[in-house]
1. List the number of the failed condition for Gln77; all other conditions in (1) farther than 17 Å from Gly7 by Cβ; (2) of a type outside the set (A, V, I, L, M); (3) free of Cβ contacts under 8 Å to residues at least 40 places away in the same chain hold.
2. Considering only residues that are in a helix (DSSP H, G or I) and acidic (Asp, Glu), look in the range 66-95 and name the one that is farthest from the ligand (Cβ to nearest atom).
3. What's the number of the condition Asp18 fails, among (1) free of Cβ contacts under 8 Å to residues at least 24 places away in the same chain; (2) closer than 25 Å to Asp113 by Cβ?
4. What is the number of the single condition among (1) touching a Pro at 6+ places or on another chain (Cβ under 9 Å); (2) in a strand (DSSP E or B) that Ser98 does not meet?
5. Considering only the range 48-65, state which residues are closer than 26 Å to Glu117 by Cβ, away from the ligand (no atom under 11 Å from the Cβ) and in a helix (DSSP H, G or I).
6. What residue, among those in the range 17-46 that are surrounded by 16 or more Cβ atoms within 10 Å (Cβ to Cβ) and part of a strand (DSSP E or B), is nearest to the ligand (Cβ to nearest atom)?
7. Determine, yes or no, whether Ala54 is within 19 Å of Leu123 (Cα to Cα) and in contact with a strand residue (DSSP E or B) (Cβ under 8 Å, 6 or more places away or on another chain).
Amino acid sequence: MLPYRTGLGYDIHRFAADRPLVLGGVTLPEGPGLAGHSDADCLTHAASDAILGALALPDIGAHFPPDDPTCKDMDSQEILAFAAGKAAEAGYAIGNLSLMVLAERPKLRPHIDAMRERLGTTLRLPADRIGIQATTHEGLGSLGRAEGIAALAQVLLWRGE
Ligand code: MG
């Protein structure tokens, strides 16, 4: 059994006018929301895929298919809890999680700590082990035209305390 495993996650969702904006498990007052079968929380999806990737398991789409009606509008914290459960089953604890949101808008800084707390609650992890950075795309490409939001995630799993 490896003492450590690292994982990488990425996700992107386009904006959709008629939905709430959920990022890192927090519903932000700023709109628009994101299109998607679940709550479209791309930050939580990236984090979940990083954990599954570290375990060499299939991505979240294989576990929560987009054509499965039971996944409609689902809370993505359930997806993240599922991924964390897979890590625990395999004998790993989450060391730390480093996340990045790529978004032209809204301004995310006021919401970062709430997202860290929310994700920490789902993962049963202190917030000081969850880093969230936010950057704009400097007007470049689809993200720069504010057509959606993307997120990157990196996780370290270890054999645990
Ligand atoms: Mg997604």
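We did not get these values from a lab; they are worked out from the coordinates using the rules stated. Since the model is a prediction, treat every value here as computed from it, not as a measurement. Because the Cβ atoms are built from the backbone with ideal geometry, glycine has one as well, and the counts that use them run over all protein chains shown.
1. Going through the list (1) farther than 17 Å from Gly7 by Cβ; (2) of a type outside the set (A, V, I, L, M); (3) free of Cβ contacts under 8 Å to residues at least 40 places away in the same chain, Gln77 breaks only (3).
2. Glu89
3. (2)
4. Evaluating Ser98 over (1) touching a Pro at 6+ places or on another chain (Cβ under 9 Å); (2) in a strand (DSSP E or B) leaves (1) as the failure.
5. Those that are closer than 26 Å to Glu117 by Cβ, away from the ligand (no atom under 11 Å from the Cβ) and in a helix (DSSP H, G or I): Ala50, Ile51, Leu52, Gly53, Ala54, His63.
6. Selected residue: Leu34.
7. yes
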